[in-house]
Amino acid sequence: MLAPPSYKKVLSYVVGWLTSLAWIATVAIESLFAGTIVQGLIILQYPNYNSKQWQGTLLTFAVIATNIFINVVTPGLLPKFEIMIMIFHLCGFVAILATLLSTAQLGDAHSVWATSLNEGGWPTQGLSYCVGFLGNVATFVGADASVHMAEEVSNAALTIPRAITTGMIVNGLIGFAMMVTALYCIGDPDSVLGTDTGFPFIQIFYNSVKSVRGAVGMGAVVLILTWACSTGITTTASRMTWSFARDRGTPFSRVLGIVSKRTRVPIVAIFVVTTLAALLVLIYIGSPTAFNDVISLTITGFYGSYFLPCAFLLWHRIKGDIHPYGTTSEQIVTVPVLSPDSLEEKVTIPEVDTPTEARLVWGPWRIPGILGTINNCYAVAYMIFVIFWSVWPPATPVTASTMNYSVVVTGGVLILSAIWYFVRARHVYHGPIVEEDVAQVARRAGSIVAV
């Protein structure tokens, strides 16, 4: 809707592939986190346990299998399940925060706020910050999850922006508070970073409470939340893949677009997404370092898909061609033109045949005026910065095993998608499909689209 008319089709196709790729990779990452947290807690409970990477992979497959069961067999319980997890999330945060602050030997302010580490061997601290910045960025990808559930949400124009904003603010504040607490409780950074559990936070729990059972219990809270997160991500990824297949943007689109008549969920898309995620997880057996590139892959995919619409929105803001909220089709007129014959103003209402040529009108949720423009400018600059650093390796000197191959994978996917576009998709893909009832509403409203 935001792109220039001649580029709408191809750019929506690129964004579709980037978003689908990023969500599938995120399913793999979050599921691996849950599976390896289980392994880390086992290591803490049984120090003599000789852990193997293939065992962590099998535990990850168990997480993926559970996610499939929940999404395919009991999809109707997902809303209640998510509400329960939200409550558990808040209660668990308070419980862990209080436990850490009451049991740990706290560090001083200098160790938390004025100490920097350059573990990547970079020549300057500033360069180390930029490369290490990706760890923070990765925690905020996927904020668009609820967008891909729009067709299943009531009053989506207000509900989804509120969900995104509330989630970012609440989780941002909680995450910041937990991060500061963990840093005050970290103790010796070398022992935490070199923990056998594979997760520094598990070691921080153990060092703080001085009890294996206590640390395992606290770790179980994080495990449950991570597992629940992977379940929700699976739901979103399957909806994204299904909608892109419905638009005929993927191979085997007719099969991927099948929806179960009983549960009304895209079962085939769920199985395809989880199967591809499981194949990505197999990389972890060969090299955990190589699998870390999948994290960079999600950043490249997500922020690439965010950048295009955000940049076009900024372009439309600067041009001033987005009409005020509440504008009707009768109020949208062309600029008055003086007729050379009669000097009379001729005002016409544009006739628009398809929703893809619709006039843009602000929706009920927006940042108005100059503040909105500043926000868009910052977002565009921020995403360029993130995408640039997302392809850098984590440390130097760079070897074949430490190289960041996300740019190769992302480029490979784009090349393959381009090949598919010229072979098949350009004949059947015409941009996002608008459901017939939505199209009728758009026609009655004069093809106005809220943004």
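Rule-based calculations on the coordinates, nothing more; no lab input. None of these values were measured; they are calculated from a predicted model.
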Exercise for review: For the stretch 379-414 and the stretch 33-81, compute the distance between their C-alpha centroids and round to whole Å.
Suggested key: 28 Å
Practice item. Find the centroid of the Cα atoms in the stretch 111-167 and in the stretch 220-249, then give the distance between the two in whole Å. Key: 17 Å
Revision key, fill the gap. Full extension between Leu158 and Cys377 adds, at 0.36 nm per residue less the Cα distance, a length in nm of 76.5 nm
Check your understanding: What lysines sit close enough to Lys210 to cross-link, taking a C-alpha to C-alpha distance under 27 Å and skipping anything fewer than 8 places away on the same chain?
Key -> Lys52
Practice item. Pick out the long, greasy-scoring helices in the chain: whole DSSP H runs spanning 18 Å or more along their own axis by Cα, mean Kyte-Doolittle at least -1.0. Key: 8-45, 53-73, 78-103, 125-138, 156-184, 212-246, 267-281, 288-319, 369-390, 406-420
**Study point:** Proximal lysines to Lys80, defined as alpha-carbon separation beneath 29 angstrom and excluding residues fewer than eight positions away on the same chain
**Key:** Lys261
Practice item. Would you work out the relative contact order for the stretch 204-338, in percent, from Cα pairs under 8 angstrom that are 6 or more residues apart? Key: 11 percent
Study note, to complete from the structure: Rounded to the nearest 500, the 222 nm mean residue ellipticity computed for the chain from DSSP H runs (n ≥ 4, each -39500 (n - 2.57)) alone is -21500 deg cm²/dmol
